[in-house]
Amino acid sequence: MSPIHTLQAEDPPIDLSGGAVGLVAGVAIVAALALLVAAYLVREVLAANAGTPKMIEVGRAVQEGAAAYLRRQFRTLAGFVIVIPFVLLLLPADDTGARVGRSVFFVVGAVFSALVGFVGMSLATRANTRTAAAAIESGERAAMRIAFRTGGVVGMFTVGLGLLGAAVVVLAFRDTAPQVLEGFGFGAALLAMFMRVGGGIFTKAADVGADLVGKVEQGIPEDDPRNAATIADNVGDNVGDCAGMAADLFESYAVTLVAALILGVKAFGENGLVYPLLIPAVGVLTAIIGIFAVSPRDGDRTGMTAINRGFFISAVVSAIGVVIVSMVYLPGSFAEFPGLEGSTQSGDPRVIAISAVLIGIVLAAAIQLLTGYFTETNRRPVLGVAEASTTGPATNILAGIGVGLESAVYSALLIGAAVFGAYLLGSGSVTIALFAVALAGTGLLTTVGVIVSMDTFGPVSDNAQGIAEMSAGPEGIDERAGAILTSLDAVGNTTKAITKGIAIATAVLAATALFGSFTDTVTTALADAGASTEAARGTVGGLNIAYPDALVGLIIGAAVVFLFSGLAINAVGRAAGRVVMEVRNQFRTKPGIMEGTEKPDYGAVVDICTRDSLRELVTPGTLAVMAPIAVGFGLGYPPLGAFLGGAIAAGVLMAVFLANSGGAWDNAKKLVEDGNYGGKGSEVHAATVIGDTVGDPFKDTAGPSINPLLKVMNLVSLLIAPLVVKFSVGEDENTAARIGIALAAVVVIVAVVATSRRRGSSVGDGPPTPSAPPTRTPPSGSEVKV
């Protein structure tokens, strides 16, 4: 083996045996079972009482707004789904079938990602009213059951479609399945990133505008129907937290499978193409158990206790299932693998595989506990943020930033320990070590069904509380039902933070495994070009940041994460500014709104959020695609590898910081609204609301969007790597073409960022209308309801 080959240049031959084909077909059947369970849960949720006519009316407005937004978003993104497959046809692959399959399954991945998001949004907008009605009529157990099983539908669609897509590719393409799967993962990741960014901008623009004008300036409750931004806020919960996050978790699932299958072929041969499918198949079955196990019991401290119980039951059963599958399917020696006969690799493959998968399962549990500690209302960090609010919004913000920064360190250390622990299982082989990292990602996948259920539970509970408040009569919500919905909403904030933490961990594991695939692709391309050892620096085992160009690539990779986050947060700020102006203007020009004699114009705010979010999502999305192209073709493949390393390192810290600080601010506000430190309407409450508005784009726009960002950049790098090498070394070296492509990418990035900055030069579409300073109206004794 040449010194430059830290991974195999040639894959072992793959000709799936009859037994292997049967196993993959069985995986496809398990995936179909997940979709059948989803259909069963849909029937159960829709069979529940939809609530009063007023609840149904408010819920229908939310449904229509969310559906209209997604339709416009899909039309906006259709151009990417049409154009990119033709670009993929131009990139190198083993044969024409692989190129065509990669393009076709790019579309399939994008459609599946969109479908998961649409299903999540569609059912959540119908479950909102049912959850509220259940809380009023039957109590916490019934309300929680509906909300969580709504999430279960999305969870089953996520694992079902992800596993089905991967199984079909393996059955249809076999030898070239890893290359085709690159397209499948890229399509899922790209669309998820656009949906995550666009939905995040929509939801947080409405939320920030509603809170600043409604709570702080007018002194009315969060979901008071007198606030013109309330419907947009509820719509945003669905298009951001349901559609966007569901698509994000689906692409995490798909991309982790892609990385595991690419590396599995090189490490375990034929078995490596099948085994990574068997592990998530076990996860599908255990997720079903976990979803049905979530039911509050007498003596539970909060609804979070029941959710934790379901999660840990699923995790334990998954661990047992993984051990059984591994012992039955994998041979006890590397020499027994088809295509690897005569291998002298040491170690027991079964022990390596089981240990790696268990690392992923344990990591999911650890992230769950750690994130819960930093974001639950009864834990010291959130209590500290609430206490800091007694001295004003500045100290509230400082405390929340401190919580986010501290939690990022612990989460990064946990994820780093998992990656390094899996890497150590490689028995001296980089190939097996990287496959072990990918298997740790598949271990996380075994919990994804329950994790997605937890995530969707959050916005359903949030919307249920809002719909109950908006549809109640002058007497307000029944005190008991109000307490139940408030409690479920607080639990939902924690579950959303937990799912973001686990999604970040999955993103890092997938990105690390994809980085291994990238270096292998570079190594193979260099070998094909007959490059020298010196020309091959930058591959695994040879990445040396002592070279200035590699160090520059590392810095640029970290910088892109910061720029991406800044663009997303600024986009929310601009859109929220327009919402604030609109809501203020309605209160000023329609005095009857506060008296209940006039209705606010909800549609105007929905339209602002829709237009702004669809316009703003193009800039960060373009940056994610173009940045690797600019670095790879402009600086070469070693800096491109360093670029990915810098992005992963900065991305994990930034994503956890943004998610957990935002979650802590949100639940500190909930803590005060429960009557602590003066309760609603107090100065402390105003301070926590300001902190929460800062945290909104942190935790629901920029933070979770970093997950698909990392995977999109890794996949783009993986796809362009052979062409970058081809233009850099060997007979086909073409410096002019390489620099030309890089300059074109830089021009596109500069153009979209400059356009984004021009949008920020004014808050509205023109100069703001002079008006009197906003006045705060104390909450009336009897809230007016629509």
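Results, tabulated for the structure shown:
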| item | result |
| --- | --- |
| Among the residues listed as Ile231, Ile262, Ile220, Ile201, the single one being touching a residue at least 40 places away in the same chain (Cβ under 8 Å), among the hydrophobic types (A, V, I, L, M, F, W, C) and not in a helix (DSSP H, G or I) | Ile220 |
| Of residues in the stretch 60-87 being aromatic (Phe, Trp, Tyr) and surrounded by 15 or more Cβ atoms within 10 Å (Cβ to Cβ), the one modelled with the highest pLDDT | Phe74 |
| Checklist (1) assigned to a loop (DSSP other than H, G, I, E, B); (2) crowded, with 24+ Cβ neighbours inside 10 Å applied to Gly681, failing item | (2) |
| Boolean, Thr533 is more than 30 Å from Gly663 (Cβ to Cβ), surrounded by 17 or more Cβ atoms within 10 Å (Cβ to Cβ) and at pLDDT below 80 | no |
| Sole residue being part of a helix (DSSP H, G or I) and either more than 24 Å from Phe518 (Cβ to Cβ) or in contact with an Asp or Glu (Cβ under 7 Å, 6 or more places away or on another chain) (or both), chosen from Gly662, Gly641, Gly632, Gly646 | Gly662 |
| Counted residues, the stretch 432-476 - those being over 14 Å from Thr129 (Cβ atoms) and in contact with a helix residue (DSSP H, G or I) (Cβ under 8 Å, 6 or more places away or on another chain) | 28 |
| Leading residue by the ranking (nearest to the chain's Cα centre (by Cα)) among those in the stretch 371-390 that are farther than 24 Å from Ala503 by Cα and β-branched (Val, Ile, Thr) | Val385 |
| Extreme residue, surrounded by the most Cβ atoms within 10 Å (Cβ to Cβ), among residues of the stretch 197-218 that are among the acidic types (Asp, Glu) and over 10 Å from Asp237 (Cβ atoms) | Asp211 |
| Any hit, the stretch 647-661, residues being farther than 25 Å from Val753 by Cβ and without any contact (Cβ under 8 Å) to a residue 12 or more places away in the chain | no |
| Which listed residue is modelled with pLDDT of 80 or more, assigned to a helix (DSSP H, G or I) and either of a type in the set (Ser, Thr, Tyr) or over 20 Å from the mean Cα position of the chain (by Cα) (or both), from Ala438, Ala433 | Ala433 |
| The stretch 106-121, subset modelled with pLDDT under 85 and not hydrophobic (A, V, I, L, M, F, W, C), residue farthest from Gly199 (Cα to Cα) | Gly120 |
| Residues (surrounded by fewer than 24 Cβ atoms within 10 Å (Cβ to Cβ) and modelled with pLDDT of 85 or more) located in the stretch 370-380 | Leu370, Tyr373, Arg380 |
| Phe268, sole failed condition from (1) in contact with a helix residue (DSSP H, G or I) (Cβ under 7 Å, 6 or more places away or on another chain); (2) surrounded by fewer than 23 Cβ atoms within 10 Å (Cβ to Cβ) | (2) |
| Test: residue in the stretch 165-172 that is aliphatic (A, V, I, L, M), surrounded by 23 or more Cβ atoms within 10 Å (Cβ to Cβ), within 16 Å of Leu33 (Cα to Cα) and over 19 Å from the mean Cα position of the chain (by Cα) | yes |
| Candidate set from the stretch 410-429 (those that are in contact with a helix residue (DSSP H, G or I) (Cβ under 8 Å, 6 or more places away or on another chain) and surrounded by fewer than 20 Cβ atoms within 10 Å (Cβ to Cβ)); member that is farthest from Val116 (Cα to Cα) | Ser427 |
| Residue match in the stretch 62-83 (condition: part of a helix (DSSP H, G or I), β-branched (Val, Ile, Thr) and within 27 Å of Glu469 (Cα to Cα)) | yes |
| Hey, Gly264 under 30 Å from Ala132 (Cα atoms) and among the small types (Gly, Ala, Ser) or not | no |
| Scope the stretch 581-601; condition in a helix (DSSP H, G or I), of a type in the set (Val, Ile, Thr) and out of contact with any helix residue (DSSP H, G or I) (no Cβ under 7 Å at 6 or more places or on another chain); matching residues | Thr589 |
| Exclusive hit being modelled with pLDDT under 90 and either within 25 Å of the chain's Cα centre (by Cα) or not hydrophobic (A, V, I, L, M, F, W, C) (or both), set Gly51, Gly26 | Gly51 |
| Subset of the stretch 584-633 (residues that are of a type in the set (Phe, Trp, Tyr) and either more than 30 Å from Leu190 (Cβ to Cβ) or surrounded by fewer than 17 Cβ atoms within 10 Å (Cβ to Cβ) (or both)) | Phe587, Tyr602 |
| Checklist (1) over 16 Å from Ile569 (Cβ atoms); (2) surrounded by 24 or more Cβ atoms within 10 Å (Cβ to Cβ); (3) in contact with a Ser or Thr (Cβ under 8 Å, 6 or more places away or on another chain) applied to Pro722, failing item | (2) |
| Subset tally (residues that are touching a residue at least 60 places away in the same chain (Cβ under 8 Å), surrounded by fewer than 21 Cβ atoms within 10 Å (Cβ to Cβ) and not charged (D, E, K, R)) for the stretch 126-141 | 1 |
| Hits in the stretch 19-60 - residues which are under 16 Å from Glu137 (Cα atoms) and of a type outside the set (D, E, K, R) | Val45, Ala47, Ala48, Asn49, Ala50, Gly51, Thr52, Pro53, Met55, Ile56 |
| Checklist (1) surrounded by fewer than 24 Cβ atoms within 10 Å (Cβ to Cβ); (2) farther than 17 Å from Arg196 by Cβ; (3) over 18 Å from the mean Cα position of the chain (by Cα) applied to Leu653, failing item | (3) |
| Within the stretch 441-476, considering residues that are among the hydroxyl-bearing types (Ser, Thr, Tyr) and touching an Asp or Glu at 6+ places or on another chain (Cβ under 8 Å), the one modelled with the lowest pLDDT | Ser471 |
| Breaking point among (1) surrounded by fewer than 24 Cβ atoms within 10 Å (Cβ to Cβ); (2) touching a residue at least 60 places away in the same chain (Cβ under 8 Å); (3) closer than 23 Å to Gly675 by Cβ, for Gly482 | (2) |
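The values are calculated or read from the model by the stated rules, or taken from the named source; none is laboratory data. Because the structure is predicted, anything quoted here is derived from the model rather than measured. When we count neighbours, we look across all protein chains shown, and the Cβ atoms used for this are built from the backbone with ideal geometry, even at glycine.
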